[in-house]
Amino acid sequence: MASKKLFSLSNQLIRLVILPLLVAVVLLSSIQIYLFYQSSLASSRQQLDHRIDQILPLLSKAMYDADLETINLIGDSLFQDSNVNYMMVSDQFSRIYLRSRDNNNGIRLDPIVISKPLSYTNNRGQRLLLGNLNIRFNHQGFLTSLAHTGLIVIALGILKFMLPLFALIFFLNRKVQQRLNFLIAEISRSRPDGLSPVCQKKNDPKEIQELINAYNQLQENNHRYLTRQQEAHSKLIERTQEVAEGRESARQLTSMLQNSQKRYRALFHRNVDALLIVESFRLEDEERYRIIDANQAAIDILAQPLEQLIKQDFEVMFGAKPLEHGYYPLDKASLPRSLQQSNIQIELHFNMMLYEKQGLYYVTLRDVSDKIRAEKLEIEASELMNFRQNQMAIAEMATTIAHEVNQPLAAIQNYAFSAINFSQADDFNGKKLHESLEKLILQADIASDIVQQARGQLGRNDYPQQKLDLVEAVQKSLDLSQLRAQKSDISLNFDYELPKAPVIANEVQIKQLMINLISNAIEELSELTDHRGRIDIYISEKSHYFEISVRDNGLGIENIPQVFTTHYSTKENGLGMGLAICRSIIEMHHGTILARNLDNGGAEFIVRLPSNIDQGQPLDQDQQDPSLDQNQLIAEPIKRRKNPDE
């Protein structure tokens, strides 16, 4: 058995390894011989070209001199070479020299043919073409030496291949074949239900050791597979029992599903909302819709039995296609005559879902008569509310006009009395009379602008704002209030650090703001008896805004948190609108207004307007004074700023 296996392995080795390697050695040797032949042939041709190039000048000279003896001598010397088969020297008209021989050796190879032109340069420098030299060389001797060389190369290649191969066969027979026979015997005796691993030897090759490990692993896998197969058999028995129990559970679930369907049908038909179920289908490439179910409420509203409703075309019945989501009112023509005579209004609400790639629509018929009546009542209430708001706006406008126009009218009266006094005085002063009349006209213009803006407040609330010099506007306000201050023996002082203070504002509103603040200060100071009243106005520029400060040396403000509240006044006949209007004007200009009491007596109002005339943005929190809050009025006293005039 062992010799048979050894022969089989050797046969495999010879058939699969040795023969292909022998063929490869022969092919490689042939390629080597061919390359050697080509290189030797090129070398021989190069040597022949060099040899002929040496005699060409002599032969060309002999041809030019027509020296036939020299030509024959040179030709014979070349033809003496046994490898020359054919040689011919010819001019342009005839053959001068011709020799040839025939070598019949049984093997014919293509000869080496060399053709050279014969030319000569005479004493005048003219190059003359005299004829041609044609020679054929036979390289038969070179082929014989090449054959011997090739046989030696092939023999050496085979010898170099066979010696290692025989050593390999001996090694395989001694180290591999015996261990393989042992493993085959162990495999034939192995059983899946018993483990008998094969032990390794130290001198076993790595491949034999890996094969033994693979055999031991295979034996363990077979044993593990047998164990798992037995476990799977037991689990199969258990699974069979579980399937039987599952069938019983499926039967119970089927019964529960049938009961659930019955409950669904009961809930569907007893629902207080009228419900229809509509499905879509295609009829001659056109999508149609038909009713497939309806509850009792829908049957009562439509006054048709269920058998008549089912399979009816929804679009024919209601005059429109169902929606995926949404609703639309139902035409009264689709309702029964009993409902058409009443004022009932019904809406169809839709909700679509896909079931097995088919659209199902749940349609709810809702009575929206009460909803429509409520909407009408809401519209009427809204119109009434708008009417009341307009009445309130008109009342507010009347209050604003009554408060704001009071000051210009009082100023007009004062200027009119001054003009009368100036005209009746003994020392008539036309200049003062002219100034009083001009200021009277300015006060009349202010009153007219106030009325116009109050009227606009009822409509579009349009207060046009444009570039304005704040210094100039404050100065004009002071000029208009100067006469009233003089009558009350109050000094008005205006101090500003900047030549101009450009802002985006409404000039009339800014003047109205300043006149209100100055008039309030004059009214408070006119009641003082212990010292003379004084009003100081300052304009300064901060980082992002201009600040206007109006200070007086009166008694201060009693209730600062409510000073800007509408209808709050400390005067007996006051309307409480002046400072509230001032705050509204400042808010429209994206600014702030603050009030505080001074530590030495008196009050101060601070107005801040943004200096960014391109954007007119409101003041940010970081642009405010950190000690003040924009939404709260601060009542903490601060030190008075000294006036250079004091």
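Just a few scattered comments:
- Tally, over the stretch 323-363, of residues that are more than 15 Å from residue 303 (Cα to Cα), among the charged types (D, E, K, R) and modelled with pLDDT under 80: 3
- Across the stretch 418-432, the number of residues qualifying as surrounded by fewer than 17 Cβ atoms within 10 Å (Cβ to Cβ) and either under 60 Å from the mean Cα position of the chain (by Cα) or assigned to a helix (DSSP H, G or I) (or both) comes to 7.
- Residue within the stretch 559-573 that is touching a Leu at 6+ places or on another chain (Cβ under 7 Å), open to solvent by less than 10 Å² (accessible area, probe 1.4 Å) and not hydroxyl-bearing (Ser, Thr, Tyr) present: yes
- Residues of the stretch 52-67 satisfying the condition of being in a helix (DSSP H, G or I) and exposed (fewer than 13 other Cβ atoms within 10 Å of the Cβ): 53, 54, 57, 65
- For the stretch 199-219, residues that are modelled with pLDDT under 80, farther than 16 Å from residue 185 by Cβ and in a helix (DSSP H, G or I) total 4.
- Contacts under 8 angstrom Cβ, first residue in the stretch 119-132 being farther than 16 Å from residue 95 by Cα, partner open to solvent by less than 90 Å² (accessible area, probe 1.4 Å) and charged (D, E, K, R), 6 or more apart: 120/61
- Positions within the stretch 325-334 being surrounded by 11 or more Cβ atoms within 10 Å (Cβ to Cβ) and over 47 Å from the mean Cα position of the chain (by Cα), in sequence order: 331, 332, 334
- Count - residues of the stretch 580-605 that are closer than 19 Å to residue 553 by Cα and outside any strand (DSSP E or B): 4
- For the stretch 555-572, a residue qualifies if it is outside any helix (DSSP H, G or I) and not β-branched (Val, Ile, Thr), and the qualifying residues are 555, 556, 558, 559, 564, 567, 568, 569, 571, 572.
- Residue under evaluation residue 394, criteria (1) among the β-branched types (Val, Ile, Thr); (2) modelled with pLDDT of 75 or more; (3) over 30 Å from residue 478 (Cβ atoms); (4) surrounded by fewer than 17 Cβ atoms within 10 Å (Cβ to Cβ), criterion not met: (2)
- For residue 288: the one exception among (1) within 22 Å of residue 266 (Cβ to Cβ); (2) touching a helix residue (DSSP H, G or I) at 6+ places or on another chain (Cβ under 9 Å): (1)
- For residue 250, the test of being closer than 23 Å to residue 356 by Cβ and either modelled with pLDDT of 85 or more or acidic (Asp, Glu) (or both) is passed.
- Boolean, residue 366 is out of contact with any Ser or Thr (no Cβ under 9 Å at 6 or more places or on another chain), surrounded by 14 or more Cβ atoms within 10 Å (Cβ to Cβ), at pLDDT 65 or above and basic (Lys, Arg): yes
The values are calculated or read from the model by the stated rules, or taken from the named source; none is laboratory data. Keep in mind it's a predicted model, so treat the numbers as computed, not measured. A quick note on method: Cβ atoms are made from the backbone with ideal geometry, for glycine too, and the neighbour counts reach across all protein chains shown. Ligands, DNA and RNA are stripped out before the accessible areas are found, and what is left, the full protein with its side chains, is counted by its heavy atoms. Shrake-Rupley method; radii C 1.70, N 1.55, O 1.52, S 1.80 Å.
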